[in-house]
Amino acid sequence: MIGAVLAGGRAKRFGGDKLLYKINGKPLILYTVERLETAKEIDEIVLVASKDNAEKLKTLGYEVVIDGLLIGPMGGVYTALNLGDAFIVAGDMPLLVPEFIDFIVERFLETKKPACVPRWSNGYLEPLHATYSSSFRDFLEERIKSGNYAINRAIRESDTCYIEIEKLPEGWRESFFNVNTREDLERLNPPVF
């Protein structure tokens with residue numbers, strides 16, 4: 001299973017390239033990648049970048065593929081699925097829980113659905129902490145051609161396997177934490193960084 005890290009965002013709220021922002025001398029994105037690498041079900045890591053940040057990301061030593069669509073998360077997911085089935089995560093999620101990732105991938109493999117996405121009881125989805133089949137790419141392509149770039153809507157309109165978050169260990173929820181602002185960095189547990 002490919003672990004695809006979306007790294008094409010503009011980070012307007014953060015005020016700079018947050019994925020390369022160094023925490024204890026290491027770029028934020030590497031915390032995400034290193035956690036993803038420890039998941040047993042992940043075989044390889046790929047960074048999905050924009051053409052603007054691809055060269056900088058290549059210096060980290062991972063394969064970088066370029067999202068030429070630049071239509072938000074759906075474009076990144078679409079680009080990653082060109083390589084095969086993938087667990088997709090945002091690059092600004094430094095507290096990933098490897099056991100949770102494995103759980104999602106295993107459910108995806110068991111159910112053989114086009115996508116396996118965590119869902120909160122209020123219906124909110126976590127599309128950038130989910131597994132997608134390469135065949136889901138065709139489903140996305142139809143939406144992209146029609147100008148509908150909402151990844152959540154595409155998920156809801158497909159035959160998706162949902163993982164009910166509240167039924168899982170509470171500690172797994174930290175996996176969803178993402179850094180949007182510099183203040184978010186203060187919320188991180190110092191021993192982690």
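A few remarks follow.
- Filter pass, Arg182 being basic (Lys, Arg) and either over 24 Å from Asn53 (Cβ atoms) or crowded, with 20+ Cβ neighbours inside 10 Å (or both): no
- Summed over the range 40-59, residues that are under 16 Å from Thr79 (Cα atoms), among the hydrophobic types (A, V, I, L, M, F, W, C) and in a loop (DSSP other than H, G, I, E, B) total 0.
- Subset of the range 103-118 [crowded, with 19+ Cβ neighbours inside 10 Å and either of a type in the set (A, V, I, L, M) or farther than 18 Å from Ile2 by Cβ (or both)]: Ile104, Val105, Ala115, Val117, Pro118
- Of the residues Pro73, Pro98, the single one that is at pLDDT 95 or above and touching a helix residue (DSSP H, G or I) at 6+ places or on another chain (Cβ under 9 Å) is Pro98.
- Here the condition is being touching a residue at least 60 places away in the same chain (Cβ under 8 Å) and among the β-branched types (Val, Ile, Thr); of Ile45, Ile88, Ile66, it holds for Ile88 alone.
- Every pair of residues 6+ apart whose Cβ atoms lie under 7 Å, when the first sits in the range 168-193 and is at positive phi and part of a helix (DSSP H, G or I) while the second is at pLDDT 90 or above and surrounded by 10 or more Cβ atoms within 10 Å (Cβ to Cβ): none
- Within the range 17-45, the set of residues being under 16 Å from the mean Cα position of the chain (by Cα), of a type outside the set (S, T, N, Q) and surrounded by 18 or more Cβ atoms within 10 Å (Cβ to Cβ) comprises Lys18, Leu19, Leu28, Ile29, Leu30, Tyr31, Val33, Arg35, Leu36, Ala39, Ile42, Ile45.
- Output for the range 126-152, where each listed residue is surrounded by 13 or more Cβ atoms within 10 Å (Cβ to Cβ), farther than 24 Å from Thr32 by Cβ and either free of Cβ contacts under 8 Å to residues at least 40 places away in the same chain or of a type in the set (Asp, Glu) (or both): Phe139, Asn148
- Extreme residue, surrounded by the fewest Cβ atoms within 10 Å (Cβ to Cβ), among residues of the range 59-77 that are within 26 Å of Ile155 (Cβ to Cβ) and aliphatic (A, V, I, L, M): Leu70
- Residue in the range 141-150 that is assigned to a loop (DSSP other than H, G, I, E, B) and either hydrophobic (A, V, I, L, M, F, W, C) or under 24 Å from Ile42 (Cα atoms) (or both) present: yes
The values are calculated or read from the model by the stated rules, or taken from the named source; none is laboratory data. If you're wondering where the values come from, they're calculated on a predicted model, not measured in any experiment. In this analysis, Cβ positions are derived from the backbone assuming ideal geometry, glycine residues included, and neighbour counts consider all displayed protein chains.
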